[in-house]
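One structure is given below, encoded as structure tokens.
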Amino acid sequence: MTQVAPGGTIGILGGGQLGRMLAAAAHRLGLKVHIYCQDADEPALDVTPHRTLAAWDDEAALLAFANAVDVVTFEFENVPVATVEFLEKHRPVRPGSKALGVAQDRIKEKWLARDLKAMTANFAGVGSLEELLARIDQMGLPAILKTNRFGYDGKGQAKILERSDAEAAWAAMQNQPSILEGFVPFRSEVSVVAARGGDGAFVPFAVTENVHRNHILHTATAPARLSGDVAAEAADITRRIAEALDYVGVLAVEFFVLAFDGEDVLYVNEIAPRVHNSGHWTQDGAVTSQFEQHIRAVASWPLGSAAMTAPKAVMTNLIGDDVAAWASLAAEPGAHVHLYGKREARPGRKMGHVNRIG
Ligand code: AMP
């Protein structure tokens, strides 16, 4: 595996806050970062002078970007697979197009989980209203209809409680290929953020318990409350997924936790092929942050320790106007405030987060 020595350059596809925090971690290790994104107003562009502003299919721009960097990664999973396949001809891309292709497709994700003997919600692909009605009759209700691709933070999802909801739910998918999922009566939602190195080393962070508001992550608390060996099982499922995808870098696997006879049972919900919002607590609550860990993995450095530095860590997202409280948060003893430098606090927009440790 190509190792990137200090002074080398990591190319990052995407210019959001994850790219910004990856860049900060890379800089601490003496590495440079080159951001490739489409919009001049992206938060990662504030923290590095090396940038390419171009479309995902601009081959001349992609080639020049590849030539300017040692290794490529991405911070955004809706980068077209074709973009990554093009770059792979010129530079190592970590993780690669295989992982990206599976993580972009909810049906492929679920089949992968099932192939690896992990459980998921019941599901079926849906391509028309007639098919949706037939699947509802087979699967039963309640259920959730989601676009198979390009959904995030609850976008492209519709809950179906009664058969008569089907038409509106299908209309909300705007004719895109979709997946019908049986509604999971979960007790909690947890995620495993973990790194896999180029040598196959696998290092998971503590399992995190996630609370959503309006489909957007609100708080992430580590360690998650889970019965018996369920935390180790969540990490093991994540390892099997990472191995099956030949993964290099940090990934997150989101799970639903169901309670059966007092025992927790895991269903895989989603795979994120990147650093993840539920791992932001690691910046202040783990020996190595998820951002540094990802940079270490893609640069083929040894992975760092993922041990927690305190018994408990809580991350709270600052969504939209929440960020107006920045001065009082900054005054709170022990609160670690992270702001993304976005100018406009639109509703639902992730503006920053606060980590409270211990
Ligand atoms: P997703 O985009 O798949 O992560 O879904 C966003 C959120 O919607 C999840 O974190 C859950 O809170 C909820 N959700 C998604 N799918 C299901 C399901 N099959 N059953 C119950 N809740 C769900």
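Placing a pseudo-label 7 Å from each Cα along the Cα-to-Cβ vector at Q176 and A331 gives an inter-label distance of 4.4 nm. Ratio of Rg to Rh for the chain: 0.96 [Cα atoms; Kirkwood radius as inverse mean 1/r over pairs].
Could you tell me the center-to-center distance, by alpha carbons, between the stretch 3-68 and the stretch 78-93 in angstrom? After rounding, the separation between the Cα centres reads 14 Å. The share of accessible area on the chain that comes from carbon and sulfur is 51 percent, using a 1.4 angstrom probe.
Annotated for the stretch 4-147: lysine pairs at least 8 residues apart or interchain, Cα distance under 18 Å, count 6. Residues in the chain average 42 Å² of solvent-accessible surface per residue, probe 1.4 Å, ligands and nucleic acids excluded.
Please sort by residue number the trypsin sites (Lys or Arg not before Pro) in the stretch 200-239 whose DSSP state is loop and whose Cβ has at most 14 other Cβ atoms within 10 Å. Listed in order of number, the matching sites are R225. Placing dummy labels 7 Å off each Cα toward the beta-carbon, the span from E162 to F183 is 1.3 nm.
For the chain, relative contact order (Cα pairs under 8 Å, six or more residues apart, normalised by length) works out to 15 percent.
The values are calculated or read from the model by the stated rules, or taken from the named source; none is laboratory data. From a predicted model like this one, the values you see are computed outputs, not experimental measurements. Neighbour counts are summed over all protein chains in view; Cβ atoms, including those assigned to glycine, are modelled from backbone coordinates with ideal geometry. These accessible areas exclude ligands, DNA and RNA; they are computed on the full protein's heavy atoms, side chains included. Shrake-Rupley method; radii C 1.70, N 1.55, O 1.52, S 1.80 Å.
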